[in-house]
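Read-outs throughout are calculated quantities, based only on the coordinates presented, and are distinct from any laboratory measurement. Note that the coordinates shown come from a computational prediction; the quantities given were computed from them, not determined experimentally. Glycine gets a Cβ as well: all are built from the backbone with ideal geometry, and neighbour counts include every protein chain shown.
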Amino acid sequence: MTKTALITGATSGIGNATALLLAQNGFKVIITGRRKDRLDELARKIGPDAFPLPFDIKDKTQVKNALNSLPDAWQSIDILINNAGLAAGFEPLHENLIDDWEQMIDTNIKGLLYVTKIISQQMVQRQSGHIINVSSIAGKEAYGKGAVYCATKHAVEALTKAMRIDFNPYNIKVGSVSPGAVETEFSIVRLKDPDANKKVYAGYQPLTANDIAEAILFMVTRPLHVNIADIFILPATQANATVFNKKQK
Ligand code: 8X3
């Protein structure tokens, strides 16, 4: 039977690539994000197997109203991919903007929780489901100028582990994918610089959003008895959060 996946943050990057790849592999996809025009464009590209559902994940009332508005045919969600997330700002903590902290905490932690609470309730009732949280190398290491982003991704790691315990009695699989450097809009948003990618990814080949989508596709296509708890995936030239083998110019 066709499975339905809901992917948050499908307007760009990893979420966008994952929605496309899952749809190409026979999944129905509910694609969510703030930017309705981008969701509509992705839905057009995918066709009838996509359902665009625009909402701001930071707003718990919007999350609830949007998820409750799903038509009958789209209400039963087999797979939740908690992808929506961002980094904002890249300065030592004492120089950070408080608004940036709040945006990261409200999206990466609280938004993930709002969506998960509602969707996990139907999974618990059905006694089946699969939740994948998009974490990061920043959930495994802490680095300078990234304190709050790293803290939010450490929170995602803790939530993943605790959710696996809470949902264990209900046959709900919980896992995470933890990428290192992926070239998306991530650095443009973090550094608030449209040319950021030229600088951040200079001298080495970063991962692509599709590399991560392929890992997620692998996770959701394992047999029922297999749960991939975490895929930690780096560019071949990346050793940890700060060590890269970059070509000299
Ligand atoms: C994004 C990767 O290295 O900027 O989560 O933390 S990194």
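Miscellaneous remarks
- Subset of the stretch 43-67 (residues that are over 20 Å from LEU20 (Cα atoms) and either assigned to a strand (DSSP E or B) or among the basic types (Lys, Arg) (or both)): LYS58, LYS60, LYS64
- Any pair with Cβ under 6 angstrom, 6 or more apart, that starts in the stretch 228-241 at a residue that is farther than 9 Å from PRO179 by Cβ and ends at one that is among the acidic types (Asp, Glu) and surrounded by fewer than 17 Cβ atoms within 10 Å (Cβ to Cβ): ALA241/GLU141
- Residue selected from the stretch 170-181 under the condition more than 12 Å from TYR201 (Cα to Cα) and of a type in the set (A, V, I, L, M), by the criterion nearest to the ligand (Cβ to nearest atom): VAL177
- Residues being over 16 Å from LEU80 (Cα atoms) and not in a loop (DSSP other than H, G, I, E, B) - total across the stretch 125-149: 6
- Cross-chain or 6+ apart pairs with Cβ under 6 Å, the stretch 17-35 first and without any contact (Cβ under 8 Å) to a residue 60 or more places away in the chain and of a type in the set (D, E, K, R), then buried (at least 18 other Cβ atoms within 10 Å of the Cβ) and assigned to a strand (DSSP E or B): LYS28/THR4
- In the stretch 45-60, of all residues being of a type outside the set (D, E, K, R) and farther than 19 Å from ALA73 by Cα, the one that is surrounded by the fewest Cβ atoms within 10 Å (Cβ to Cβ) corresponds to PHE55.
- Residues located in the stretch 197-208, provided they are within 11 Å of the ligand (Cβ to nearest atom) and assigned to a helix (DSSP H, G or I): VAL200
Each row is one residue, and each column tells you yes or no for (1) farther than 27 Å from LYS246 by Cα; (2) of a type outside the set (Ser, Thr, Tyr); (3) out of contact with any strand residue (DSSP E or B) (no Cβ under 7 Å at 6 or more places or on another chain); (4) in contact (Cβ under 8 Å) with a residue 24 or more places away in the chain.
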| site | (1), (2), (3), (4) |
| --- | --- |
| THR152 | yes, no, yes, yes |
| ALA158 | yes, yes, yes, no |
| ASP166 | yes, yes, yes, no |
| SER176 | yes, no, no, yes |
| ILE188 | no, yes, yes, no |
| GLN205 | no, yes, yes, yes |
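- Considering the stretch 73-110, the residues that are hydrophobic (A, V, I, L, M, F, W, C) and part of a loop (DSSP other than H, G, I, E, B) include one that is farthest from GLY146 (Cα to Cα), namely ILE77.
- Qualifying position, being within 12 Å of the ligand (Cβ to nearest atom) and part of a helix (DSSP H, G or I), among THR184, THR152, THR160: THR152
- Here LEU93 clears all of (1) away from the ligand (no atom under 16 Å from the Cβ); (2) of a type in the set (A, V, I, L, M); (3) over 20 Å from the mean Cα position of the chain (by Cα) except the condition numbered (1).
- Take the conditions (1) within 14 Å of the ligand (Cβ to nearest atom); (2) outside any helix (DSSP H, G or I); (3) without any contact (Cβ under 8 Å) to a residue 60 or more places away in the chain; (4) over 27 Å from HIS225 (Cα atoms); LEU70 misses just one of them, which is (1).
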